[in-house]
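Derivation of every value follows stated rules applied to the coordinates shown; laboratory data play no part. All values derive from a computational prediction rather than experimental measurement. Reconstructed Cβ throughout: ideal geometry from the backbone, glycine too, with neighbour counts over all protein chains shown.
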Amino acid sequence: MGLLEGKNALIFGLANERSIAWGITQAFKREGANLGISYAGEMLERRVKPLAEKVDCKWVEECDVTKDEHIAATVEKAAQHFGKIDVLVHSIAYAGREELSKPYHETSREGFKVAMDISVFSLVALTNAFLPILNPGASIMCLTYYGSVKVAPHYNVMGVAKAALESSTRYLAYDLGPQKIRVNAISAGPIRTLAAAGVGGFRDMYKHFADMAPMRENVTIEDVGNSAVFLASDLSTHITGEVLYVDSGFNTIGVQMSEKNSDQ
């Protein structure tokens with residue numbers, strides 16, 4: 001029997017087959033979850049619908065997380081289809097491409113607001129809206145990146161947004177703890193996704209990561225999917241407010257030296 005047998009899991013932010021959300025979706029399917037998928041905007045529909053069919057997902061809904069009425073309507077549809085929800089995955093982030101190519105101090109006011117609204121507040125808004133239909137013992141999770149706590153060149157306003165997302169994770173965990181609902185974040189190493197394509201110098205960073213991480217390997221959407229299964233399952237019942245690093249140990253390295261330059 002799968003670890004998520006009988007659990008209703010909603011995944012927000014699927015874009016295509018390279019999405020971290022797709023790695024999570026496949027892993028949840030493998031472990032027996034009843035799946036629901038939400039995507040952002042009509043343009044993604046033609047990519048998302050075929051993926052939903054692959055995992056036999058019957059609930060596929062568009063949701064604009066910048067609009068409270070869209071979120072409310074999505075909750076209503078979920079309640080009608082599933083009744084209660086056990087797992088909520090937030091795999092949503094956005095910053096304008098121009099904000100990720102200029103120096104951080106040139107971030108526009110509007111660009112900052114948009115990044116924070118879509119990448120951070122959406123987690124708060126979704127949590128608040130879904131709370132009435134979350135089962136006790138439910139698990140909420142979001143996706144973050146190490147650029148939240150250390151500088152990742154060109155990550156800019158996205159790094160600041162991820163810092164706010166991680167802080168929100170802790171505050172939400174505090175709020176929801178009495179209801180036995182846990183809230184955690186997964187900090188994944190760099191993965192070649194649609195979102196990553198917008199970050200300047202990503203290719204170099206991707207290579208550097210594999211050279212420097214203790215395990216000398218990049219991570220995959222499957223790795224993140226397996227960690228998400230753990231956080232969604234009853235195996236993580238008393239883990240909340242945490243940031244789980246799935247990054248081959250990269251975040252543990254302080255001074256970065258390539259092997260050929262060291263004395264080993």
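Some points to look at:
- Rounded Å value of the spacing that divides the Cα centres of segment 6-40 and segment 43-122: 13 Å
- Ellipticity at 222 nm from helices only: DSSP H runs of n ≥ 4 in the chain, each -39500 (n - 2.57), divided by the residue count, give -11500 deg cm²/dmol.
- Cα centre as origin, Lys/Arg/Asp/Glu Cβ charges: segment 8-249 dipole, Debye: 260 debye
- Across K113/K150; K77/K162; K58/K162, pairs whose alpha-carbon gap is larger than 24 Å: K77/K162; K58/K162
- In terms of its C-alpha gyration tensor, the chain comes out prolate, because a/c is 1.5 or above and the ratio a/b outweighs b/c.
- Spacing of the modelled spin labels on R46 and E69, each 7 Å from Cα toward Cβ, amounts to 2.9 nm.
- Across segment 1-135, Cα pairs under 8 Å and at least six residues apart give a relative contact order of 26 percent.
- Label-point separation in nm, K58 to V151, each point 7 Å along Cα→Cβ: 5.3 nm
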